[in-house]
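Structure, as structure tokens:
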Amino acid sequence: MSATTAMEVNAEARRILAVSISKLYASRTQRGGLRLHRSLLLSMVMRSARDIYHSSRESEAPSGPQPAPAEEPMEVGSGPGEQAELPAPQPELEPAVSPAETAEPGSAEEGCDGEFAEDKENRSPARQSRKRRGKASAAPDFLPSKRARLEPGEERYAAPLGSCRVGAGESLTALSLNRVIPAF
Amino acid sequence: MTKCSKDALRCDNSCGGDNCVKQRTKCALLIKSAASTAGIGAVPASRTVSCWMRPEVWTGPASPPSPSSSLICRYQDPEPADLSMEEESDTRKINNSFLRDHNYATEADIISTVEFNSSGELLATGDKGGRVVVFQREQESKSQPQRRGEYNVYSTFQSHEPEFDYLKSLEIEEKINKIKWLPQQNAAYFLLSTNDKTVKLWKISERDKRPEGYNLKDEDGRIKDPSTITSLRVPVLQPMDLMVEATARRVFSNAHTYHINSISVNSDLQTFISTDDLRVNLWNLEITDRSFNIVDIKPANMEELTEVITSAEFHPQQCHTFAYSSSKGSIRLCDMRQAALCDKHCKYFEEPEDPSTRSFFSEIISSISDVKFSHNGRYLMTRDYLTVKVWDLQMENKPLETYQVHDYLRGKLCSLYENDCIFDKFECVWNGSDSVIMTGSYNNFFRMFDRNTKRDVTLEASRENSKPRAILKPRKVCVGGKRRKDEISVDSLDFSKKILHTTWHPHENIIAVAATNNLYIFQDKVN
């Protein structure tokens, strides 16, 4: 009973994540530019959905490998103040989430990983990933995998660590664009 | 009728074609009278549809309306005299064509804001195409007592044009986000209108005289041959047809990085604030090249952003106090006398979240979409997705009153998220005496809550109600179980028909409700 509920929650979380990502992608072409408020709300929903998704996966296979809390495309509110939010109906998953929580600050330091795609181009080559790539992080079939288009003569290079996290652009939305494009 | 070859937005109605945007009128129930459209081209005669209602009938179905105190709808036909002023050939076609299904309406016609002025004489609407249409209330005439106080089109002008930000490669929408009137100080009317980036002060003035008898120019404006001038005369002012002209007097631009969501005029009538997602700027109405930033919640690291400002308003009496609402469901009251940068609030209003209602979408539905001070300045009203709350300025930890607008949607948040409806920003409004509050919902429903009697009513703004002498009857949404005859089930609600913008006359019981591209004006019945 709890397994099926966890599965339903899992499927629900995946669906919400997919819808959110497509909304984020669609908002890029919207007239008037990216809306900060809307993008912020989308990222909050995505974060909750991601947390639920990983919590429910953890409850499904508690003896399996520790789920890698993949980074969101929009790293909003990362830092010590951030709390992973749990829905009330899943209190039994709380112990499962805390390892995810402790791993998260670690992965936050890691840098700029895309949500579901392996984003090796932005990781410094010397640094090995501490995350074990479980099934969750493999590119799901409902998302296209795209990499940034290179101009003739350009090469791919590993960006220095932390450069992705610096808000170079004026707005959060510009930052998310930089992160989301490689993820696609 | 030939099809207009021009883009609907650029059409000046001179061709009289079927697609002329001016013919199809953004207000389906009002068409401009020819007299007041100088310079834009003649348009069909004026017609207004007004619905009357008595306050008692706003209560729920428990008290069925008695025949004498009913909501009635009056449909006024154009006077025959008006037809002669038209240049369009086929009046009948025009009269039928304006009652169009909103599916055919262009997006530019969608009304994005409505606002009465401080006397209630004027009603301004802004739309997605950057146009502002101002309606004026007719003077009551003894000869036609049933035409009491109709609103007719007074002025139309293009307030904002689409712009392009070359630095960011972004188009700046011309949609009018907010209009705020300045109280009248002379014969002209002033209003502030804003799009995402620029606020403009418009002056609307009447001209009913023009000078005639120039010496160097003839009546058509052509320069005269000096040799033909044999005598000198002083030009005299001759009466002319009333012309209403709108001119942009000030443009307040380049002060906002993010999208402007609200403007508010101060009670000192000298300053106003404009608010975007992260900053509030204070302007002087006379000075356009600088503004003061009084609130800045932008974090040093944008990744740490957790909340944005959604609306801000000045206190109606205290010129040093303003409030702003956030996407996290909190309101901050600030005093400008404390510091130049009002980052520290004086009061912080937030209701702790109920953990039992937690869901994926809790953050979205707790985001406040509108904040309004009451007219007496003692209360604040906030609108989030599912509720309206009234706060006492003296009590910060919880609202005084909470009203459920459409709680039946709580179980449908996921599908509302998918069709984007959960991001809709509803507005809320007080009546003149602060005893009734009103806000919109879906399916062209709008709701009123009487704070004293604790009764509420759901009404619908639709064409079916707008027939002559039709009674506006209360509607009800059936939540579950058996559906009664007049009820509508949650699943049959039309989520594309939403009422986001409403406004209430400052003194009388007259409301204006914007339903997509239609404007409905409802009025009290006078026996």
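Since every read-out is calculated from the coordinates, none of them should be taken as a lab result. Note that the coordinates shown come from a computational prediction; the quantities given were computed from them, not determined experimentally. With ideal geometry, Cβ positions are generated from the backbone for all residues, glycine too; neighbour counts draw on all protein chains shown.
Figures for the structure shown
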| item | result |
| --- | --- |
| Value of D in µm² per second that Stokes-Einstein yields for the range B:405-444, Kirkwood Rh from Cα pairs, at 20 °C (1.002 mPa s) | 182 |
| Relative exposure of B:233, A:57, B:378, judged by other C-beta atoms within 10 Å (fewest first) | B:233, B:378, A:57 |
| Listed residue pairs exceeding 21 Å between alpha carbons, taken from B:178/B:476; B:200/B:298; B:398/B:454; B:476/B:498 | B:178/B:476; B:200/B:298 |
| Added length on full extension, which subtracts the Cα-Cα distance from 0.36 nm per residue, residue B:346 to residue B:242 | 32.4 nm |
| Whole-Å semi-axes of the ellipsoid equivalent to the range B:159-278 (Cα gyration tensor, √5λ, descending) | 42, 20, 11 |
| The range B:304-360 - Kirkwood radius from inverse mean 1/r over Cα pairs (Å) | 12.8 |
| Per-q log10 I(q)/I(0), the range B:263-404, q = 0.18, 0.21 Å⁻¹ (Debye; single scatterer per alpha-carbon; no solvent) | -1.04, -1.35 |
| The range B:381-527 - Debye-derived log10 I(q)/I(0), Cα point model, q = 0.19 Å⁻¹ | -1.29 |
| Separation between Cα centres of the range B:354-400 and the range B:108-135, rounded to whole Å | 26 |
| Overall Cα dimensions of the range B:428-510 - principal axes, largest extent first, Å | 39, 30, 24 |
| Note, ³J(HN,Hα) from phi for the range B:479-488, Karplus 6.51, -1.76, 1.60, rounded to Hz, x at Gly and Pro | 8, x, x, 6, 9, 7, 4, 8, 7, 10 |
| Rg to Rh, two decimals, where the range B:162-212 supplies the alpha carbon set and Rh follows Kirkwood | 1.19 |
| Shielding score for A:21-33, defined as the mean number of other chain Cβ atoms within 10 Å | 3 |
